[in-house]
Each structure stands twice: as C-alpha cells, then as structure tokens.
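The values are calculated or read from the model by the stated rules, or taken from the named source; none is laboratory data. Only a predicted model underlies this, so the values are computations on that prediction, with no experimental measurement involved. Reconstructed Cβ throughout: ideal geometry from the backbone, glycine too, with neighbour counts over all protein chains shown.
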Amino acid sequence: MFSDVAAVLFDLDGTLIDSAPDLGAAADKMRLDRGLPSLPLELYRPMAGAGARGMLGVAFGITPDHADYAGLREEFFTNYENCMTQRTYAFSGIAELIDQLLNRGLAWGVVTNKATRFTRPLTQGMNLFSTARAVVAGDTTPHAKPHPAPLLEAARLLSLEPCHCVYVGDDERDVAAGRAAGMRTVAASYGYLGGSADTRHWGADAHIHSPLELLALLQSVRKA
C-alpha cells in the first residue's frame with residue numbers, strides 16, 4: 001500500500017509506549033499527598049494522551065483555566081520526572097516492528113507533543129529508541145501537533161520529502177498533523193483513545209489494531 005515509503009514516524013505515548021501507569025501514578029501521588037483516596041489506573045488511562053491536562057482533570061476535576069492549575073501542573077511534572085521510566089513499557093509488538101522496519105532499510109523516528117524536558121530522558125532511558133533517527137518533541141518547533149511543523153522538522157532531520165514518510169498515531173490530531181504535512185497517515189486504534197473514539201472518522205489513510213499490522217501496509221517495501 002505504501003510502497004514508496006522511506007521512513008515511518010510515530011507518536012510516542014499511546015502509540016509506541018504505554019506511559020499511562022507512570023502518568024497516572026504521578027497524578028495519584030498528588031491525591032495521596034492531600035489525604036485523598038487513590039484512583040484506579042483505568043480512570044487515568046483514557047486521558048493519558050492529554051498529559052498534565054488529562055491527568056489533573058481526572059485527579060482533581062480541574063481545567064487549565066483554574067486558578068490553581070499552574071501550580072498543580074508543576075507539581076505533577078516533578079512527580080512524573082521522578083517516576084517516568086518505572087512502569088512505562090513498549091506496547092506488545094513494537095520492538096519486533098522496529099526490527100522489521102530496520103531490516104527493510106526504513107528509517108524511523110518519533111514526533112510527540114511531550115516536552116523535551118520529558119521526551120529526552122525517556123527516549124534516552126529506553127533501549128527501544130537507540131535506532132531512532134529523529135526525535136521531535138512538542139517544543140522542538142514553535143508549534144505542536146496538530147500543526148504540521150513538528151512532522152516537517154522530522155522529515156528534514158531524515159533528509160526526506162514528507163511524501164515519503166508515514167505517520168502513525170493514536171489521536172485525531174496526529175492524523176490531522178500528518179495530512180497537513182503531506183504524509184500518509186495511519187491511525188493506531190490500540191492506543192489510549194481506541195475504545196472511546198471512532199478512528200474511521202479521522203481521515204487516516206489506514207487503520208491498525210495492533211502494531212505489527214503496520215507491516216502488512218509496508219509489505220511491498222524491501223531492503224534496498
């Protein structure tokens with residue numbers, strides 16, 4: 001389907017890795033520190049892709065316009081920095097997928113809205129990312145997704161035209177950013193929004209229900 005692809009770019013949280021346990025733990029610690037009961041991970045998981053906004057919304061029912069939000073966000077950030085690799089893991093099939101991409105001579109990289117403050121130590125702390133040729137964080141460019149700027153920056157780092165890249169993500173903004181950048185897009189329905197959103201309405205070129213399904217889309221790509 002994507003026979004002229006030279007690189008595959010991925011969203012991070014909810015697409016390559018399941019960081020919900022650490023994100024939820026960082027927010028839940030704030031509740032425990034205030035004498036509030038712990039909440040189950042199942043409540044935090046669907047909002048993991050929204051970062052601090054999502055986690056604080058679950059933990060305290062507040063939004064970014066709340067007077068206390070900025071202080072709580074920084075407290076959450078500090079908690080998360082202290083635990084971000086304790087419970088986070090790559091989704092089943094991701095390691096094999098990356099190996100297969102490399103065997104086919106394809107480059108790969110990460111484009112995330114996660115700030116460099118967290119993206120750099122996380123990707124440097126997991127062996128999975130040792131072969132990634134581009135890592136673009138949410139503050140690498142002046143705009144975050146759904147703006148195409150981060151994806152265009154990743155293509156630049158790979159010395160590729162965007163039309164030769166595929167972007168895989170588990171959020172509608174990922175598809176919007178990929179399309180705006182002129183890339184083919186794949187919606188990952190196994191991510192955080194999978195059970196609560198109809199990915200068929202996102203306008204992606206293809207949909208996968210597990211990471212290894214991506215290989216079927218790239219079946220005509222062979223190592224040069």
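Do we have Ala50 as outside the structural domain of Val136 (by TED's automatic domain parsing), closer than 28 Å to Ile98 by Cα and out of contact with any Asp or Glu (no Cβ under 8 Å at 6 or more places or on another chain) here? Criteria met by Ala50.
What are the residues in segment 111-144 that are assigned to a loop (DSSP other than H, G, I, E, B), in contact (Cβ under 8 Å) with a residue 40 or more places away in the chain and under 24 Å from Met47 (Cβ atoms), if any? Give the steps one after another, and end with the answer.
Step one: list which residues in segment 111-144 are assigned to a loop (DSSP other than H, G, I, E, B), which gives 112-115, 125-126, 132-133, 137-144.
Filter again for in contact (Cβ under 8 Å) with a residue 40 or more places away in the chain, leaving 112-114, 125-126, 133.
Correct list: Thr112, Asn113, Lys114, Gly125, Met126.
Among the residues of segment 171-189, write down those that are surrounded by fewer than 24 Cβ atoms within 10 Å (Cβ to Cβ) and either touching a His at 6+ places or on another chain (Cβ under 6 Å) or charged (D, E, K, R) (or both). Correct list: Glu172, Arg173, Arg179, Arg184, Ser189. Among the residues of segment 37-53, those identified as out of contact with any Leu (no Cβ under 7 Å at 6 or more places or on another chain) and without any contact (Cβ under 8 Å) to a residue 24 or more places away in the chain are Pro37, Leu39, Pro40, Leu41, Glu42, Leu43, Ala50, Arg53. Within segment 209-218, at least one residue is outside any helix (DSSP H, G or I), modelled with pLDDT of 95 or more and either within 17 Å of the chain's Cα centre (by Cα) or surrounded by fewer than 17 Cβ atoms within 10 Å (Cβ to Cβ) (or both).
Of everything in segment 114-158 that is charged (D, E, K, R) and either touching a Cys at 6+ places or on another chain (Cβ under 6 Å) or under 17 Å from Ile94 (Cβ atoms) (or both), the residue that is surrounded by the fewest Cβ atoms within 10 Å (Cβ to Cβ) is Arg133. Taking residues in segment 1-12 that are closer than 20 Å to Gly191 by Cβ, and partners anywhere that are assigned to a loop (DSSP other than H, G, I, E, B) and acidic (Asp, Glu), the pairs with Cβ atoms closer than 7 Å and at least 6 places apart or on different chains are Asp11/Asp170; Asp11/Asp171. Residue-level check: of (1) among the aliphatic types (A, V, I, L, M); (2) touching an Asp or Glu at 6+ places or on another chain (Cβ under 9 Å); (3) modelled with pLDDT under 95, Ala155 misses just (3). Against the test of being modelled with pLDDT under 95, in contact with a helix residue (DSSP H, G or I) (Cβ under 9 Å, 6 or more places away or on another chain), outside any loop (DSSP other than H, G, I, E, B) and among the hydrophobic types (A, V, I, L, M, F, W, C), the options Ala52, Ala48, Ala25 yield a single qualifying residue, Ala48. Among the residues of segment 179-195, those that are without any contact (Cβ under 8 Å) to a residue 40 or more places away in the chain, among the small types (Gly, Ala, Ser) and outside any loop (DSSP other than H, G, I, E, B) comprise Ala180, Ala181, Ala187.
Taken over segment 55-73, the criterion of being among the hydroxyl-bearing types (Ser, Thr, Tyr) and either closer than 18 Å to Leu32 by Cβ or in a helix (DSSP H, G or I) (or both) is satisfied by Tyr69 alone.
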